[in-house]
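Here the structure is laid out as structure tokens; the discussion comes afterwards.
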Amino acid sequence: MNLDKAKQALKRYFGYDQFRPLQAEIIRAIFAGKDALVLMPTGGGKSVCFQIPAVTMPGTCVVVSPLISLMKDQVEGLRANGIQAAFLNSAIDSREQLKVEESFYAGALNLLYVSPEKLVSGNFVSILKRGKINLFAIDEAHCISAWGHDFRPEYTQMGMLKQHFPQVPVIALTATADKLTRKDIVDQLKLEEPGIFIASFDRPNLSLEVRPGQQRLGQIQEFVQKHPKQAGIIYCLSRKTAEDVAAKLAQQGLKAEAYHAGLSPDRRSKIQDNFINDNIHIICATVAFGMGIDKSNVRWVIHYNLPKNLEGYYQEIGRAGRDGAKADTLLFYSFADVSMLRDIIQNGENAAQNEIQLVKLERMQQYAESLACRRRILLAYFSENLSKNCGNCDICRNPPQYIDGTQIAQKALSAVYRVNEQVPMGMLIDVLRGSGRKEIRQLGYDTIKTYGAGRDLSQWDWQQYLMQLVNLGYLEIAYDANSVLRLTAASHEVLFKSRTVQLVKPSSYKERQEEEKAAAKTKPKTLAKQERLRDELFEQLRQ
Ligand code: ADP
Ligand code: MG
């Protein structure tokens, strides 16, 4: 199968002349029978990556998607373009299902969309075995990961596809997966040497801002006044907060509504429609809101509470400014939120997963506390390196005092190099400061060149500098390997190409942290309250 044919299909069925970045490469990999993992922002054009193979290769592409409410629209859209498509989910009666099965057996379907529940149910594999499948597409593949952003238990059984259909390539697609989630997707789906395709996640039109979480309501009112009649979303941790905030704003005469999974499906879809049609300007929502909602002119997103990880945060702010026009985002950060989230996570049942969730929360907190360009931090977290500061975040607009940190960076990076990227941050600091710890002597790290080269700085200072280097993309924490520090492509530029590094003096971090701690007054103590919050925190949009 060649790419000309793919291009013709793109024109014929979708009316587009050109592929977007990565689409052609991905399609080529599928044509070559390879598995693929695709990371592309929402609206980036993931569907085409499996729809073009689906219409050009013999057989049917089976698409697994958790967005049941969107399946019908998607399938109708494809049919309107002259593509043979059908879907199976719990909303389909058995007569209808039989009809769909018949056309699948007859080879008359280009695409068959199925819900994950359907796919893993009873005898579905034997149904699939009666047709000819050219590709499995796992959409919203991050749902496979229990420590990701929107876990769906049915997704974890999907490794069976490779067992039953070893010859059929699998493409996994998502707009939100950090390195751990990516690894989890590849492992669980049993992808074989997949091509990994990561599009740029940079959204320069989104401004980024973090503010201390005091008097949030007043700050929100002021913010909203500066964005009159513009569509915006306020994400809250609990249903109650969402309702309270909506009520407060409504009192001010603003068109605001609360949205969460505790509302009836009817009510939810009515609110969605009203928001999409600009009859409601402000949605105060829990994480239940947003997945699959296609509204291009959301002009701002506020996080009333700290999200539990950067994946969720980036996904949520990414709902603003899809039209490419300027949009503003604001995150309220309070230490109280951190400790509440920490409690909620620690009460979780699976210890290993709690551990990972805590690490992710810590990164979220470091983002909020950081004094380096926020966009660089976010993109570095998803393995993308910005070579300069963005100019469109609160830090860039109001920069702290930078110092030339090149020497500090060189010391740190060469120490990481000399310990063969085998030690976590705490031990690296001991090596740099020449602590004489027994373990370090046993490992022979007291004989390397950089041992003790960082004695002039305190433990605290090193910790803050190293974290800045991580945030700037000069170092990486390998969470899947005991959190050891690793070098990145950018570290080589500092070590060997005399790239300069600007860092912020740690004193300002300390002051800032102390301010935050002082501000943390309230924290829900009772278990019942924590449990309710936990349920809501992990609530999912179920149709
Ligand atoms: P995602 O699933 O990544 O969020 P979609 O697959 O829904 O994104 O695509 C988003 C939009 O981009 C759709 O309207 C789609 O038709 C359009 N699109 C996809 N590929 C191209 C292309 N090569 N040229 C122009 N528009 C495209
Ligand atoms: Mg999609």
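Using R₀ = 30 Å, calculate the FRET efficiency as 1/(1 + (r/R₀)^6) where r is the Cβ-Cβ separation of Ala250 and Leu358; round to 0.05.
0.25
Taking every DSSP beta bridge that has both residues in the chain, what percent is antiparallel when rounded to the nearest 5?
Of the beta bridges lying entirely in the chain, close to 15 percent run antiparallel.
Beta carbons within 10 angstrom, averaged per residue: use that to sort the peptides 123-133, 237-247, highest first.
By packing density, highest mean first, the sequence is 237-247, 123-133.
For the stretch 295-377, calculate the relative contact order in percent as a whole number, restricting contacts to Cα pairs under 8 Å that are 6 or more residues apart.
33 percent
For the stretch 255-343, what is the relative contact order in percent, using Cα pairs closer than 8 Å and at least 6 residues apart in sequence?
Once normalised by length, the contact order is 26 percent.
Taking 0.36 nm per residue of sequence separation and subtracting the Cα-Cα distance, how much length would be gained by fully extending the chain between Arg397 and Glu102, in nm to one decimal?
Length gained, Arg397 through Glu102: 100.1 nm.
Using a 10 Å cut-off on Cβ atoms, rank the peptides 88-94, 156-162 from the highest mean neighbour count down.
Those peptides, ordered most packed to least, come out 156-162, 88-94.
Around Phe19, which amide H atoms from residues at least 5 apart in sequence, or from another chain, sit under 5 Å from its own amide H, with H modelled in the peptide plane?
none
If you add up the charges near Ser296, with Lys and Arg at +1 and Asp and Glu at -1, over every other residue whose beta carbon is less than 15 angstrom from its beta carbon, what do you get?
+3
Between the helical axis of 265-276 and the dominant principal axis of the chain, each derived from Cα atoms, what acute angle in degrees is found, rounded to the nearest 10?
Approximately 70 degrees, to the nearest 10.
List, in order, the whole-Hz ³J(HN,Hα) value for each residue of the stretch 247-264 obtained from phi through the Karplus relation with A = 6.51, B = -1.76, C = 1.60 and θ = phi - 60°; use x for Gly and Pro.
Listing the rounded values in order: 5, 4, 5, 5, 4, 7, x, 8, 8, 10, 9, 8, 9, 7, 6, x, 8, 5 Hz.
Place a +1 charge on the Cβ of each Lys and Arg in the chain and a -1 charge on the Cβ of each Asp and Glu, then give the dipole magnitude about the Cα centre in debye, rounded to the nearest 20.
Computed charge dipole of the chain: roughly 580 debye.
For helix 216-225, report the angle its Cα long axis makes with the longest principal axis of the Cα atoms of the chain; keep it between 0 and 90° and round to the nearest 10°.
60 degrees
Tally Lys/Arg at +1 and Asp/Glu at -1 over every other residue whose Cβ is under 15 Å from the Cβ of Tyr479; what's the total?
It works out to a net charge of -3.
Do the sum for the chain: with -39,500 (n - 2.57) for every DSSP H run of n ≥ 4, divided by all residues, what is the mean residue ellipticity at 222 nm, to the nearest 500 deg cm²/dmol?
-12500 deg cm²/dmol
Hey, what did the chain get for relative contact order, percent, Cα under 8 Å, at least 6 apart?
Taking the mean separation of contacting Cα pairs over the length of the chain, I get 13 percent.
Counting only other residues whose beta carbon sits under 14 Å from that of Gly122, what net charge do I get with K and R as +1, D and E as -1?
Overall, the nearby charge balance is -1.
In whole Hz, with x marking every Gly and Pro, tabulate ³J(HN,Hα) for the stretch 304-311 from phi via Karplus 6.51 cos²θ - 1.76 cosθ + 1.60, θ = phi - 60°.
5, 10, 5, x, 7, 7, 6, 4
For the pair Gln346/Asn123, report the inter-label distance in nm, with labels modelled 7 Å from Cα in the Cβ direction.
In this crude spin-label approximation the distance works out to 5.2 nm.
Taking the alpha-carbon centroid of each part, what is the distance from the stretch 429-508 to the stretch 244-276 in angstrom?
48 Å
Explain nothing, just compute: Karplus ³J(HN,Hα) = 6.51 cos²θ - 1.76 cosθ + 1.60, θ = phi - 60°, for every residue of the stretch 102-119 in order, whole Hz, x for Gly and Pro.
Along the stretch 102-119, the couplings run 4, 5, 5, 4, 6, x, 8, 10, 7, 9, 10, 8, 9, 6, x, 4, 4, 4 Hz.
Round to the nearest 0.05 the FRET efficiency obtained for Arg455 and Glu193 when R0 = 41 Å and r is the Cβ-Cβ distance.
0.35
Checking the cross-link filter: which lysines have an alpha carbon closer than 16 Å to that of Lys46, excluding same-chain neighbours under 8 positions apart?
Partners within reach: Lys7.
I'd like the orientation of helix 335-346 relative to the chain: the angle between its Cα long axis and the longest Cα principal axis, in ° from 0 to 90, rounded to 10.
The helix 335-346 is inclined about 60 degrees to the chain.
Which loop-located trypsin sites (Lys or Arg not before Pro) does the stretch 442-490 contain, where loop means any DSSP state but H, G, I, E or B and the Cβ has at most 14 other Cβ atoms within 10 Å?
Lys449, Arg455
Any read-out appearing in this document is the output of simple, stated calculations on the displayed coordinates, not a laboratory observation. Please read all numbers here as calculations on a predicted model, not as lab measurements. Note: ideal-geometry Cβ built from the backbone for every residue, glycine included; neighbour counts use all protein chains shown.
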